[in-house]
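Asks: One structure is given below, represented as structure tokens, and several questions about it will come after.
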Amino acid sequence: MKFEVDEFGYYGQFGGAFIPEMLYPNVEELRENYLNIIYTKSFQEDFHYLLKDYVGRPTPLYFASRLSERYNAKIYLKREDLCHTGAHKINNTIGQILLAKRLGKKKIIAETGAGQHGVATATVCALMGMECMVYMGKHDMERQRPNVERMRILGTKVIPALSGSMTLKDATNEAMRHWINNPTDTHYIIGSVVGPHPYPDIVARFQSVISEEIKKQLIEKEGNPFPDYVIACVGGGSNAAGAFYHYLNDEHVNLIGVEAAGKGIDSGDSAATTALGKPGVLHGSKTILMQTEDGQVVEPYSISAGLDYPGIGPMHAHLFDVGRVQFMSATDDEAMNAGIELSRTEGIIPAIETAHAVAMLGKMEFAKDDVVVINLSGRGDKDLETYIKWGKY
Amino acid sequence: MPLNKLFEAKKSNILSVYFTAGFPMLEDTIIIAKHLEDAGADIIEIGIPFSDPIADGPVIQESNNIALANGMTVKKLLAQVVEIRKEVSIPIILMGYINPVLQYGIERFCKEASTAGVNGLILPDMPMDEYQKTFRSLFDKHGLSNTFLISPTTSDARIKRIDDATTSFIYAVSSSSTTGAKSGFADEQLAYFAKLKAMNLKNPFLVGFGISNHQSFSKVCEYGAGAIVGSAFITILKNSKDLKTDIQLFVKSIVQ
């Protein structure tokens with residue numbers, strides 16, 4: 001598979017493991033063991049059992065008839081929003097907690113932006129009886145209050161990240177610092193396809209269940225596994241990685257990644273990494289990064305806490321670089337309008353992150369028989385306050 | 001003075017002092033370096049500020065933020081080193097995260113750093129394999145030494161590989177931690193220093209992270225060639241009303 005990570009941890013020119021020596025043994029331990037552990041029979045049995053009976057997989061591939069009529073195409077929604085905890089994030093945390101247990105780790109740390117990955121991590125830690133600490137930007141804690149309380153109810157300690165813009169990037173810095181200080185008994189569950197190798201590959205593999213299911217479900221519904229388009233939002237890019245994964249080598253399938261343009265790509269308040277970024281190193285990997293000329297990381301902005309990350313996963317950087325994935329963007333307003341539209345046409349209130357992907361329907365031209373799959377990565381319950389504040393409904 | 005000359009001439013009690021360029025004020029880099037040499041420091045380690053210093057604790061994080069707010073850049077720092085070199089002769093090392101260096105351009109950075117009078121670099125998030133593959137030839141070409149970190153969790157085999165790839169000294173991180181002052185050493189830390197001493201590495205090692213006073217300095221000097229002090233010095237700079245006096249008192253208080 002030519003889009004897969006190579007033996008050195010690279011996707012083309014992106015990836016690698018740019019970590020301080022203090023983290024080397026942890027990351028090396030993972031690198032040496034992850035494939036062996038993940039592909040044992042007992043791991044696969046545990047993983048698929050939990051995905052089925054605990055998470056509720058397979059998630060439906062729902063034919064959105066009213067939306068299809070409006071946009072003159074066959075639009076399917078991959079209902080990751082119906083996963084336990086309300087988003088695709090739990091696919092990865094189930095996998096990683098099983099991995100952590102097999103590595104003999106006792107404690108779990110994680111970072112979170114919107115709080116979905118934090119909740120998914122807190123959930124699996126409760127399930128497995130493991131101690132859990134989640135770093136979350138103070139600013140995000142304020143705008144995602146319900147998720148903070150959900151984590152606390154689940155028994156997780158939520159620690160505010162007070163540095164920088166106090167959002168996802170800073171929470172990730174703090175989680176990495178914690179890991180440096182607690183290297184032996186702690187596993188760091190990274191929530192997106194970012195970080196040093198092998199994290200991007202681990203997360204992509206656990207999320208790849210999404211496209212594995214889409215293929216099967218499309219055979220049932222359309223008689224062949226290949227849609228014309230797969231559309232997914234990209235912050236770090238975990239749901240997109242999962243939705244694209246098994247289509248990467250099927251190059252007749254158009255893959256669309258949607259970034260958050262915030263108040264507009266050139267407004268100075270944006271998180272559209274591929275439009276605004278350059279190659280650089282952050283959080284342990286070489287990727288495309290929003291930064292100043294002097295290599296300082298730029299604080300991103302988006303109305304959605306899950307997309308305001310200044311980079312994208314190295315796999316996406318490579319897919320962008322070689323043109324396998326087309327990257328588009330939606331502004332705050334476009335995303336919010338799309339969220340309301342999906343609510344009114346299909347009775348589904350999406351997460352604001354997800355609404356960015358939905359917003360592409362109004363920006364693309366489809367042929368009548370085009371099969372379009374939108375990865376509906378999360379539900380909008382956590383975003384009610386943002387919807388209310390926005391108010392235009 | 002090249003680093004190797006220093007390590008040939010001085011085998012123990014070497015003091016390397018870290019501070020962030022452009023902190024507390026943009027132009028302080030020059031005066032602090034000069035005072036450090038006058039006060040008796042052996043090596044000056046100047047931090048290139050970065051927005052996301054993941055290996056650093058709160059004290060150095062804050063100094064990075066202030067330096068960036070002051071307008072410090074790689075370009076300005078290299079110009080300051082040129083000024084420093086007019087008066088300062090002890091080895092100068094630049095320490096920083098890899099991204100600002102990548103954006104400046106590796107080759108351009110190595111060339112200009114060398115011309116300015118920099119002796120070596122410490123880039124904690126540059127992995128050894130990357131160094132060997134992409135960076136080493138440029139470092140060598142421009143006469144810059146590279147220093148790798150090792151920590152208590154680094155395996156003996158890897159320490160040997162790092163020793164082989166090193167041309168000046170090894171930076172032994174005292175504990176599994178981010179930077180910052182701590183009180184005292186635990187038995188396992190002392191055992192780790194003793195192990196390093198017994199390994200008879202071809203390069204000398206300096207111990208850093210958690211060295212903040214004479215007691216911790218002299219303790220690690222029983223094992224290695226010396227120590228690196230960072231956060232404790234940054235705290236002094238932050239509160240100083242008289243840099244010259246405070247820097248002299250600080251260096252004296254460490255080496256005594």
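Asks: For region B:4-58, give me the residue count where each residue is open to solvent by less than 10 Å² (accessible area, probe 1.4 Å) and polar (S, T, N, Q).
Replies: 3
Asks: Where in region A:190-255 are there helices (runs of 4 or more DSSP H), lying wholly inside it, with at least 2 residues that are within 13 Å of the chain's Cα centre (by Cα)? Quick ask: steps written out before the conclusion?
Replies: Values: elements: A:199-207, A:209-222, A:238-244.
Here the list reads A:199-207, A:238-244.
Asks: Which condition number does residue A:15 fail, the rest of (1) within 24 Å of the chain's Cα centre (by Cα); (2) open to solvent by 10 Å² or more (accessible area, probe 1.4 Å) being met?
Replies: Looking at each condition in turn, residue A:15 falls short on (2).
Asks: Select from region B:106-119 the residues that are in a helix (DSSP H, G or I) and touching a strand residue (DSSP E or B) at 6+ places or on another chain (Cβ under 7 Å) and list them in ascending order.
Replies: The first filter runs over region B:106-119 and keeps only residues in a helix (DSSP H, G or I), leaving B:106-116.
Selection gives B:113 alone.
Asks: Restricting to helices (runs of 4 or more DSSP H) lying wholly in region B:1-105: which have 1 or more residues that are of a type in the set (Val, Ile, Thr) and either touching a helix residue (DSSP H, G or I) at 6+ places or on another chain (Cβ under 8 Å) or at pLDDT below 95 (or both)? Break it down into steps so the answer makes sense when it comes.
Replies: Working: elements: B:3-9, B:28-39, B:58-69, B:74-85, B:98-104.
By residue number, B:28-39, B:58-69, B:74-85, B:98-104.
Asks: Considering only residues that are part of a helix (DSSP H, G or I), over 18 Å from the mean Cα position of the chain (by Cα) and either within 13 Å of residue A:233 (Cα to Cα) or without any contact (Cβ under 8 Å) to a residue 60 or more places away in the chain (or both), which ones fall in region A:342-359?
Replies: So the first thing to find is which residues in region A:342-359 are part of a helix (DSSP H, G or I), and the list is A:342-346, A:352-359.
Narrowing further to those that are over 18 Å from the mean Cα position of the chain (by Cα): A:342-346.
Within region A:342-359, A:343, A:344 qualify.
Asks: Going through region B:94-112 one residue at a time, which ones are facing chain A (nearest Cβ under 10 Å), under 13 Å from residue B:77 (Cβ atoms) and open to solvent by less than 20 Å² (accessible area, probe 1.4 Å)?
Replies: Going residue by residue through region B:94-112, those that are facing chain A (nearest Cβ under 10 Å) are B:96-104.
With the extra rule that they be under 13 Å from residue B:77 (Cβ atoms), the set shrinks to B:96, B:100-101, B:104.
Residues satisfying the conditions are B:96, B:100, B:101.
Asks: Of the conditions (1) touching a residue at least 24 places away in the same chain (Cβ under 8 Å); (2) within 30 Å of residue A:367 (Cα to Cα), residue A:100 fails just one. Which one is it?
Replies: That leaves (2) as the condition not met.
Asks: Still on this structure: If residue A:22 satisfies all but one of (1) in contact with a helix residue (DSSP H, G or I) (Cβ under 7 Å, 6 or more places away or on another chain); (2) farther than 21 Å from residue A:179 by Cβ, what's the number of the condition it fails?
Replies: Among (1) in contact with a helix residue (DSSP H, G or I) (Cβ under 7 Å, 6 or more places away or on another chain); (2) farther than 21 Å from residue A:179 by Cβ, residue A:22 violates only (2).
Asks: Oh, and also: Go through region A:278-330 residue by residue and tally those that are of a type in the set (D, E, K, R) and more than 10 Å from every other protein chain (Cβ to nearest Cβ).
Replies: First, the residues of region A:278-330 that are of a type in the set (D, E, K, R): A:278, A:286, A:293-294, A:299, A:308, A:321, A:324.
Next, only the ones that are more than 10 Å from every other protein chain (Cβ to nearest Cβ) stay: A:308, A:321, A:324.
Qualifying residue count, region A:278-330: 3.
Asks: For region A:195-204, does any single residue satisfy the condition of being in contact (Cβ under 8 Å) with a residue 60 or more places away in the chain, under 28 Å from residue A:137 (Cβ atoms), crowded, with 24+ Cβ neighbours inside 10 Å and touching an Asp or Glu at 6+ places or on another chain (Cβ under 6 Å)?
Replies: The answer is no, given that none of the residues of region A:195-204 is in contact (Cβ under 8 Å) with a residue 60 or more places away in the chain, under 28 Å from residue A:137 (Cβ atoms), crowded, with 24+ Cβ neighbours inside 10 Å and touching an Asp or Glu at 6+ places or on another chain (Cβ under 6 Å).
To keep it simple, each residue is scored yes or no on (1) over 30 Å from residue A:230 (Cα atoms); (2) within 14 Å of chain B (Cβ to nearest Cβ); (3) hydroxyl-bearing (Ser, Thr, Tyr).
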position	(1), (2), (3)
A:25	yes, yes, no
A:73	no, no, no
A:111	no, yes, no
A:115	no, no, no
A:135	yes, yes, yes
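Asks: Further question on the same structure: Which of the residues spanning region B:155-213 are of a type in the set (Phe, Trp, Tyr) and either within 10 Å of chain A (Cβ to nearest Cβ) or part of a loop (DSSP other than H, G, I, E, B) (or both)? Working first, answer last.
Replies: As a first pass, look at region B:155-213 and keep what is of a type in the set (Phe, Trp, Tyr): B:169, B:171, B:185, B:192-193, B:205, B:209.
Those that are of a type in the set (Phe, Trp, Tyr) and either within 10 Å of chain A (Cβ to nearest Cβ) or part of a loop (DSSP other than H, G, I, E, B) (or both): B:169, B:171, B:185, B:209.
Asks: Which residue pairs have Cβ atoms closer than 6 Å, lie 6 or more positions apart in sequence or on different chains, and pair a first residue in region A:296-324 that is assigned to a strand (DSSP E or B) and at pLDDT 95 or above with a second residue that is among the small types (Gly, Ala, Ser) and crowded, with 24+ Cβ neighbours inside 10 Å?
Replies: A:297/B:51
Asks: Return yes when residue A:18 is touching a residue at least 60 places away in the same chain (Cβ under 8 Å) and closer than 20 Å to residue A:200 by Cα and no when it is not. Give the derivation first.
Replies: Values: touching a residue at least 60 places away in the same chain (Cβ under 8 Å): yes; closer than 20 Å to residue A:200 by Cα: yes.
In short, yes.
Asks: Would you pick out the residues in region A:259-273 that are buried (at least 24 other Cβ atoms within 10 Å of the Cβ) and either at pLDDT below 95 or assigned to a loop (DSSP other than H, G, I, E, B) (or both)?
Replies: Of region A:259-273, the ones buried (at least 24 other Cβ atoms within 10 Å of the Cβ) are A:259-262, A:270-273.
Across region A:259-273, the qualifying residues are A:270, A:271, A:272.
Asks: Hey, could you check region B:120-154 for residues that are assigned to a helix (DSSP H, G or I) and polar (S, T, N, Q) and say which is modelled with the highest pLDDT?
Replies: Residues of region B:120-154 assigned to a helix (DSSP H, G or I): B:128-141.
So of that shortlist, the ones also polar (S, T, N, Q) come out as B:132, B:134, B:137.
Working: B:132: 91, B:134: 87, B:137: 96.
Of everything passing the filter in region B:120-154, B:137 is modelled with the highest pLDDT.
Asks: Now, a different point. I'm trying to understand the selection: among the residues of region A:325-341, which are in contact (Cβ under 8 Å) with a residue 12 or more places away in the chain, part of a helix (DSSP H, G or I) and open to solvent by 10 Å² or more (accessible area, probe 1.4 Å)? Spell out how you get there, then give the answer.
Replies: Of all residues in region A:325-341, those in contact (Cβ under 8 Å) with a residue 12 or more places away in the chain come to A:325-332, A:334-341.
From what is left, the residues that are part of a helix (DSSP H, G or I) are A:332, A:334-341.
Selection gives A:332, A:334, A:337, A:340, A:341.
Asks: To continue, here is another question. Please name all residue pairs, on different chains or six or more residues apart, with Cβ atoms under 8 Å, provided the first residue is in region A:144-156 and is farther than 14 Å from residue A:85 by Cα and the second residue is part of a helix (DSSP H, G or I) and of a type in the set (Gly, Ala, Ser).
Replies: Sorted first by the residue in region A:144-156, then by its partner, the pairs are A:155/A:122; A:155/A:126; A:156/A:118; A:156/A:122; A:156/A:126.
The values are calculated or read from the model by the stated rules, or taken from the named source; none is laboratory data. Since we're looking at a predicted model, the values are computed, not measured. Here the Cβ is made from the backbone with ideal geometry for all residues, glycine too, and neighbour counts use every protein chain on show. Surface accessibility is based on the protein's heavy atoms, side chains included, excluding ligands, DNA and RNA. Shrake-Rupley method; radii C 1.70, N 1.55, O 1.52, S 1.80 Å.
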